[in-house]
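In what follows, a single structure is set out as structure tokens and then discussed.
The values are calculated or read from the model by the stated rules, or taken from the named source; none is laboratory data. Please read these numbers as outputs of a predicted model, since none were measured by experiment. For neighbour counting, all protein chains shown are included, and Cβ atoms are generated from backbone atoms with ideal geometry for every residue, glycine included.
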Amino acid sequence: MILQLYRSAYSGLSRSIWLLALVMFINRCGTMVIPFLGVYLTESLHLSIDQSGVIMALFGVGSIGGTLLGGRLTDRLGAYRVMWVCLGLGGLMFLVVGQLKTFESLCLGTFVLGLVAEGFRPAVTAAVALYSTPENRTRSYSLNRLALNLGWSVGPAVGGWLASIDYSLLFWADGCTCLAATLLLVLILPQSSVSHESQTVQQSRQDSAYRDTHFMIFMVFVTLFAITFFQLFSTVPLYYKQVYHLPENQIGTLMALNGVLIVAVEMVLVHQLENRFVHLRLMAIGTLLVGISYLIFNVFFGVIWLVLAMILATLAEMLAMPFMNSYAIARSKPHNRGQYTAAYTASWSIAQISAPLLGTQFISRVGFASAWWLMISFSIVATIGFLSLSYRSEKS
């Protein structure tokens, strides 16, 4: 019975989807810098929490520009070219940023890193839509996320070990895996395999994503969810370090639990839910759960509660994010898909600015507990928002 569930969940996906997932896995195995960036800036370079928040926020500013530019270029040039160019440049920038030590240079370096690296994301989202069918699109996005999170289960764990030796090793590992993924992308997904896309993206772009009122309201609630979710990778590691005094390797292991659970559960869960429940309601449930995970921080104390909070946040991610992705793509057309994916990805980039900035500012002024209450309030607003959109959609 269980074996059949897994077999059904993974069947029917195209070869290109599997190859793209392999590229994403290789790339995400090197994800070591961003999870430890706040700790690196404060513990190794001895910058203040406010300064580290500004630097991490500038990565988000660059990400917004990168995603909007990446989406525009995806519609003009096709996803393939944008993917390998941005991935390769991102790898080089990780190597550069690892050599920067001053606050000013790190501000500039992380901004450029976000600009070149995050242009990759809307191109990948568009490529998944191209390689999939409407019937298996959500599962295709889930496979892509599975590859990301399988790599995520490796990256932070190895990153924690490398950080305990020398923080500079994180930048070398992240940069080299980006470059390796670029080479693999070029070798296994030749440009000829996406020739249909080059015809599609030249069509008229008169249907603007920014004139789709329902979609833009949806983006507001996605952004609120993303702000709460991104605390897991910015202020939560600081919480582990400064409140629980966990060493870097234990922080990495705890964060890797997120990726392990997603690899084990998400594809089967999505396969069971995607055609049985209203997607907006699933997003609402996931958004509420991430708020509950922060409530645990303020109500309970102990490492076992940290584990439970991570499990709840991971379940929230599995219920919300795959369906958000496919819901956004479902509102697009082939000729403006890059624009929709850019707008969707930009909402996450906005959250990358807001999450560390809001979190670190609240923490430095009024403490961790106030930051968690703020995230809980955001999750409640977004939950109500998704339920409202669901009600309006069903009514219409």
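For beta carbons closer than 6 Å, sequence separation of 6+ or different chains, a first residue in segment 84-106 that is without any contact (Cβ under 8 Å) to a residue 24 or more places away in the chain and a second that is surrounded by 15 or more Cβ atoms within 10 Å (Cβ to Cβ) and outside any loop (DSSP other than H, G, I, E, B), the qualifying pairs are 100/106; 100/109. Got a sec? Which of 392, 365, 337 is more than 23 Å from residue 291 (Cβ to Cβ) and charged (D, E, K, R)? Result: 337 is the single residue among 392, 365, 337 that is more than 23 Å from residue 291 (Cβ to Cβ) and charged (D, E, K, R).
Within segment 277-294, the set of residues being of a type outside the set (Val, Ile, Thr) and not in a helix (DSSP H, G or I) comprises 277 only. Restricting attention to segment 107-153, the residues that are more than 16 Å from the chain's Cα centre (by Cα) and closer than 17 Å to residue 32 by Cα total 2. Residue 87 fulfils the conditions (1) in a helix (DSSP H, G or I); (2) out of contact with any Cys (no Cβ under 9 Å at 6 or more places or on another chain) except for a single criterion, (2).
Residue under question is residue 325, and the condition is that it be surrounded by fewer than 19 Cβ atoms within 10 Å (Cβ to Cβ) and among the polar types (S, T, N, Q); does it hold?
In short, no.
Report yes if some residue within segment 4-23 is charged (D, E, K, R) and surrounded by fewer than 18 Cβ atoms within 10 Å (Cβ to Cβ); otherwise report no. Checked segment 4-23: at least one residue is charged (D, E, K, R) and surrounded by fewer than 18 Cβ atoms within 10 Å (Cβ to Cβ). Between 139, 81, the distinction of being in a helix (DSSP H, G or I), surrounded by fewer than 24 Cβ atoms within 10 Å (Cβ to Cβ) and in contact (Cβ under 8 Å) with a residue 40 or more places away in the chain belongs to 81 only.
Filtered by the rule that a residue be part of a helix (DSSP H, G or I) and touching a Gly at 6+ places or on another chain (Cβ under 9 Å), segment 242-253 gives 248, 249, 250, 251, 252, 253.
For the residues 297, 218, 229, 301, the requirement of being more than 16 Å from residue 386 (Cβ to Cβ) and assigned to a helix (DSSP H, G or I) singles out 297. Among the criteria (1) at pLDDT 85 or above; (2) closer than 15 Å to residue 233 by Cα, the one residue 281 does not fulfil is (2). Annotation note: Cβ proximity below 6 Å between a residue of segment 373-395 that is in contact (Cβ under 8 Å) with a residue 24 or more places away in the chain and a residue that is of a type outside the set (Ser, Thr, Tyr) and outside any helix (DSSP H, G or I) (sequence gap 6+ or interchain) occurs for 390/278.
How many residues are in contact with a His (Cβ under 7 Å, 6 or more places away or on another chain) and under 26 Å from residue 255 (Cα atoms) when one looks only at segment 2-36?
The first filter runs over segment 2-36 and keeps only residues in contact with a His (Cβ under 7 Å, 6 or more places away or on another chain), leaving 8-9.
Going one step further and asking which of them are under 26 Å from residue 255 (Cα atoms), we end up with 9.
Total satisfying the criteria: 1.
So which residues in segment 145-194 are without any contact (Cβ under 8 Å) to a residue 12 or more places away in the chain, closer than 18 Å to residue 88 by Cβ and part of a helix (DSSP H, G or I)? Listed by number, the residues that qualify are 183, 187.
Scanning segment 1-32 for residues that are out of contact with any Gly (no Cβ under 8 Å at 6 or more places or on another chain), hydrophobic (A, V, I, L, M, F, W, C) and either within 21 Å of residue 79 (Cβ to Cβ) or in the same structural domain as residue 173 (by the TED database) (or both) turns up 13, 17, 18, 19, 20, 21, 22, 23.
When you scan segment 259-308, how many residues do you find that are in contact (Cβ under 8 Å) with a residue 24 or more places away in the chain and of a type in the set (Ser, Thr, Tyr)? Going through segment 259-308 one residue at a time, the tally reaches 2.
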